[in-house]
Structure formats: C-alpha cells, structure tokens
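The values are calculated or read from the model by the stated rules, or taken from the named source; none is laboratory data. Note that the coordinates shown come from a computational prediction; the quantities given were computed from them, not determined experimentally. Cβ atoms come from the backbone with ideal geometry, glycine included; neighbour counts cover every protein chain shown.
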Amino acid sequence: MIETIQGSSPVVLGLPHTGTEVPPEIWGGLNETGQALADTDWHIHELYAGLVADITSVRTPIHRYVIDVNRDPAGESLYPGQNTTTLCPLTDFDGQSIYQSGAEPTATEISRRRDLYHTPYHAALQGELERVKAIHGFVILYDCHSIRGDIPFLFQGRLPDFNIGTNLGTTCDGAIETLVANRCTAASGYSSVQNGRFKGGWTTRHYGHPAKGQHAIQMELAQATYCAEIPPWAMIPDRADTLRTHLTDILTDLKNWRPT
C-alpha cells in the first residue's frame, strides 16, 4: 500500500497528501463536496519525480479525507486557535462539510483508520529515515506539500509561492533552512516565506531532531506555480517545468549538504 522508492543519498521525500484513493465504504459516506477531493496536493509526486537521482521517497496513495497522515495521531491541533482540519477531517479547507449527515467517522472508525493507514505510512517513513541515517550518520526529510493560494477559511490574503516550514528553526540545522530559503529568494518571479502560515506539519515536527542528526523541513507550494487551482486541477506544463528547475536546485543543495 505504501509506495517507497529507495535511494542512498541523505535526502528522503515525504509525500503524505498526493493520494486520491478512498475505500468504497468511506467514499459512499462522503457528500458531493467530499467526493470532489479538492484538498489533494495535486500532482506533487509527479512534480518531484526524477528531479535528482538517488533520492528516497515515501508516499501513501490514501486521500487525506480518509485520514491525514500529517496530523498528530492523538488528534492534537498543530495550530491552536486557528482554523485547520483534523486527523480524520469533517470539513474541507473552505470549512464545508465533506460527509453526508450521519456518516461522519466515530471514535472507533478513526482508530481503525489510524491502524490501517496512518501507522503504516509512518512505519515506512521511519524505516527509511533510519536506513538512510545509517548510511550517512544523518538524514534530511523534505516533506512535500501544495495548497491553493487563496483560502480565506485558513489564512488571509494570497499565500506566497514557496512556504518553508521548520517550526521556527527547530526541526533542522540552520544551514539547511538557509540553503532552501536562499534558493527560493533567488527564484525570479516567485515569492517565499519562512515559518509563515505553515510552520511544518506533524511529520516535520515529529521527525525533526537536528541534535540527533535527523533534520526535517517542509515545503508548501502554492498550486498556481504549477497547476490550475480549480477543477480538474490540470498541470500547466510551462509553469511546472520552470518550477522544477528551482526544485531541482533545492534538492541538489540538500543532497550535497553535509554537517560541519
């Protein structure tokens, strides 16, 4: 179920939100809004595929409406006091219900989904981080995300193109954050921010322990940088190709980075 591609470089890509699979018994309980799957990180696994050789990736094909593998399995909010979605979301990013009335997951159902989908993803991711760290003595988790750039329910104004999250510099060596930030700043025609609305999800915060040689950084891309932000969410080839050159630079820098 979990799709893993193994490389021997220090970089591991996390791909938690690109899946579009919804089991039939869950699909039948979603309403029209839920079945649109609007909050998918559209095409992200394709966008990053093959950019730099010898990089590991771990992807779940399960959609985030089934369970969000980038949320605390205990259900604690990453952004207390702000609108966000939960471990098993009940609404989309616009605050609209995604379930038919009475079909919302119970506590027992949430526990079942956690065991079936959340735990295996993180077991696979943890396994790859440990494998790569055993080769190099350190590992860099680069968590890959994207989102519509204009979602008033979640944030005010237009989201920058590159959104770097390190939980205020705590999840990776500062030199790693600087490498990524410098590449984003140098990308002509793009905007960027560090630890803005998205400071790094549960994955970044859970695995980022730089003192132990385990570094994590999240990249949230505004989807307009590579695809349409309305259905059918089509990739825009010229935008995607230009963006890939900058993503290649970022991943190359991370692949070549070594602790001092």
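So, restricting to helices (runs of 4 or more DSSP H) that lie completely within the range 1-71, which ones have at least 2 residues that are out of contact with any Pro (no Cβ under 9 Å at 6 or more places or on another chain), farther than 19 Å from residue 89 by Cα and modelled with pLDDT of 95 or more?
Per the criteria, 44-48.
Listed residues 61, 16; which is in contact with a helix residue (DSSP H, G or I) (Cβ under 8 Å, 6 or more places away or on another chain) and under 30 Å from residue 130 (Cα atoms)?
16 is the lone residue from the list that is in contact with a helix residue (DSSP H, G or I) (Cβ under 8 Å, 6 or more places away or on another chain) and under 30 Å from residue 130 (Cα atoms).
Which pairs do you get when a residue that is surrounded by fewer than 18 Cβ atoms within 10 Å (Cβ to Cβ), found in the range 15-29, comes within reach of a residue that is assigned to a helix (DSSP H, G or I) and of a type outside the set (Gly, Ala, Ser), reach meaning Cβ atoms under 8 angstrom, with the pair 6+ apart or on two chains?
Taking only residues 6 or more apart or on different chains, the pairs are 27/35.
Report whether or not residue 119 is part of a loop (DSSP other than H, G, I, E, B) and in contact (Cβ under 8 Å) with a residue 12 or more places away in the chain.
no
Would you tally the residues in the range 89-114 being part of a helix (DSSP H, G or I) and under 20 Å from the mean Cα position of the chain (by Cα)?
2
(1) outside any strand (DSSP E or B); (2) out of contact with any Ser or Thr (no Cβ under 7 Å at 6 or more places or on another chain): which one isn't true of residue 146, the others all being true?
The failed condition is (1).
Filtering the range 158-189 down to residues that are farther than 22 Å from residue 205 by Cα and either touching an Asp or Glu at 6+ places or on another chain (Cβ under 8 Å) or among the aliphatic types (A, V, I, L, M) (or both), which residue is surrounded by the most Cβ atoms within 10 Å (Cβ to Cβ)?
By that ranking, first place goes to 183.
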